[in-house]
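Notes to accompany the following structure.
The values are calculated or read from the model by the stated rules, or taken from the named source; none is laboratory data. Worth saying up front: this structure is predicted, and the values here are computed from it rather than measured. Note that we place each Cβ from the backbone using ideal geometry, even for glycine, and neighbour counts take in every protein chain shown. When the accessible area is computed, the model is the full protein with side chains, heavy atoms only, and any ligands, DNA or RNA have been set aside. Shrake-Rupley method; radii C 1.70, N 1.55, O 1.52, S 1.80 Å.
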Amino acid sequence: MNLHRPIYALLAGLSLVLLPAARAADGISPGQILIGQTLTLQGGKNDYGAAVQAGVQTAIEQVNRNGGVGGRKLILKVLDDDNKPTQAEANARQLVTQDKVFLLFGPIEGGPSTAVMKAAVDLKVPLFGPMAGSPTLREPHQPLVFPVRAEHKEEFRALMKHAKSLGMTRVAFVRSDSDTGQQHLANVQRLAKDIGIDSVTDLPFKSDISDAQIAAMTQQIGTSGAQVVFNHGGAGMYEKLIRQARSVGSKAMFFGVNSGSSQLAAHLGGLAHGMVFSQVMPSPWERKTALTRAYQDAFSKEKPGQPFSYGSLEGYLTTRALIEALKRAGPNPTRESFVAGMRNAELDVEGMKIAYKDNAHTGLSLVDLALVTREGRFRH
């Protein structure tokens with residue numbers, strides 16, 4: 001993309017999806033840019049949400065200490081959605097209509113992220129960096145939604161290919177009992193057919209799943225002959241399922257997606273040994289990439305004593321990407337100029353290439369696998 005191309009030329013091809021210019025400068029003042037985030041913190045009980053928040057705060061503190069974005073400090077207004085889509089949507093609408101934020105940023109988990117997207121599209125406000133793998137964030141194409149991390153579909157593909165390489169051909173899938181969960185299931189079934197394995201068991205769950213229902217799910221895994229089980233979220237529920245399965249002697253292997261993987265492995269302790277997780281970030285504990293070196297240095301300075309994790313690394317990277325995107329909006333940013341600056345753009349954050357085409361906001365394509373060692377570490 002030609003960064004010197006006049007902004008009016010970019011705007012000429014922009015679809016009329018944004019608010020009128022009279023409201024386009026919400027959240028912008030001479031000294032700051034106000035960004036709105038609804039995040040699953042659950043009053044401090046959600047470890048993954050807290051880790052993401054720590055990474056986001058690290059990147060914001062870092063950029064503000066160095067003069068902000070175009071001389072404006074980045075200010076983040078955060079509301080807790082309690083992992084409830086209805087609350088996430090209400091939060092998003094409040095942030096836009098009452099708090100007058102410039103754009104929406106960084107929800108986690110598929111349900112809340114999809115709900116925030118609904119509000120963003122309805123209110124014609126950009127949503128940058130939803131930290132979730134929901135297919136709804138990319139299909140159908142959403143011109144106002146800019147994911148950074150890879151989607152769950154690519155994680156499912158990597159996990160099932162790995163299972164097949166180990167000689168396992170019967171998989172069970174744990175997913176939310178929701179429209180998004182149904183879409184994940186359809187993707188898993190299509191991928192399983194392409195890879196040549198059997199998707200034998202569908203294990204939907206509600207957020208209020210009981211211990212008795214988890215026990216029944218464990219029995220279903222056993223009777224189906226599933227050799228490997230993997231999930232698409234719900235780390236707290238998944239921990240209970242794994243504990244229950246191991247208590248009754250289940251021999252099935254348990255794999256997992258990236259969301260909350262650090263926290264899940266820590267909670268499981270020895271039960272996590274041998275688990276394989278798909279990851280959409282490089283190892284946060286190693287210094288093999290420019291990104292992880294920058295993250296470790298900044299995080300150690302801003303959050304001394306707090307452990308590195310995939311969640312805080314993703315929060316840090318996603319915020320760094322937001323900063324790069326804001327720079328493309330020009331010296332007097334509007335929502336129109338933000339979206340125009342992201343047309344056919346490739347953001348570079350410490351060597352990580354984040355791509356947005358006119359009809360495909362791919363973000364990153366990185367998906368890696370990590371094995372939990374006997375010591376509880378993740379080995380890529």
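Residue check: is T218 part of a helix (DSSP H, G or I), open to solvent by 40 Å² or more (accessible area, probe 1.4 Å) and polar (S, T, N, Q)?
Here the answer is no, as T218 does not meet what is asked.
Quick test of your reading of the structure: E346 fulfils all but one of (1) in a strand (DSSP E or B); (2) open to solvent by 10 Å² or more (accessible area, probe 1.4 Å); (3) in contact with an Asp or Glu (Cβ under 9 Å, 6 or more places away or on another chain). Name the failing condition by number.
In the conditions (1) in a strand (DSSP E or B); (2) open to solvent by 10 Å² or more (accessible area, probe 1.4 Å); (3) in contact with an Asp or Glu (Cβ under 9 Å, 6 or more places away or on another chain), E346 misses (3) alone.
Can you find a residue in the range 133-150 that is small (G, A, S), touching a Pro at 6+ places or on another chain (Cβ under 7 Å) and crowded, with 24+ Cβ neighbours inside 10 Å?
The answer is no, given that none of the residues of the range 133-150 is small (G, A, S), touching a Pro at 6+ places or on another chain (Cβ under 7 Å) and crowded, with 24+ Cβ neighbours inside 10 Å.
Go through E314, E336 for me and flag whichever is of a type in the set (D, E), open to solvent by less than 30 Å² (accessible area, probe 1.4 Å) and closer than 20 Å to I35 by Cα.
Checking each option against the conditions leaves just E314.
Residues G315, G305: which one is within 16 Å of the chain's Cα centre (by Cα) and either assigned to a loop (DSSP other than H, G, I, E, B) or under 18 Å from G106 (Cβ atoms) (or both)?
G315 is the lone residue from the list that is within 16 Å of the chain's Cα centre (by Cα) and either assigned to a loop (DSSP other than H, G, I, E, B) or under 18 Å from G106 (Cβ atoms) (or both).
Taking the range 221-250 as the region of interest, how many residues are open to solvent by less than 50 Å² (accessible area, probe 1.4 Å) and either more than 12 Å from T201 (Cβ to Cβ) or not in a strand (DSSP E or B) (or both)?
The total comes to 18.
Checking the structure you have, find out if any residue of the range 64-87 is in contact with a Phe, Trp or Tyr (Cβ under 9 Å, 6 or more places away or on another chain), open to solvent by less than 30 Å² (accessible area, probe 1.4 Å), under 30 Å from P307 (Cα atoms) and at pLDDT 95 or above.
For the range 64-87, residues in contact with a Phe, Trp or Tyr (Cβ under 9 Å, 6 or more places away or on another chain), open to solvent by less than 30 Å² (accessible area, probe 1.4 Å), under 30 Å from P307 (Cα atoms) and at pLDDT 95 or above: absent.
Which ones in the range 266-281 are buried (at least 24 other Cβ atoms within 10 Å of the Cβ) and either of a type outside the set (G, A, S) or closer than 9 Å to F254 by Cα (or both)?
Across the range 266-281, the qualifying residues are F277, Q279, V280, M281.
What number of residues in the range 251-262 are part of a loop (DSSP other than H, G, I, E, B) and touching a residue at least 60 places away in the same chain (Cβ under 8 Å)? Working first, answer last.
Start the filter on the range 251-262 by keeping residues that are part of a loop (DSSP other than H, G, I, E, B), which leaves 251-252, 257-260.
Going one step further and asking which of them are touching a residue at least 60 places away in the same chain (Cβ under 8 Å), we end up with 252, 257-260.
The total comes to 5.
Considering each residue of the range 181-214, count those that are outside any loop (DSSP other than H, G, I, E, B) and open to solvent by 40 Å² or more (accessible area, probe 1.4 Å), and give that number.
Here the count works out to 14.
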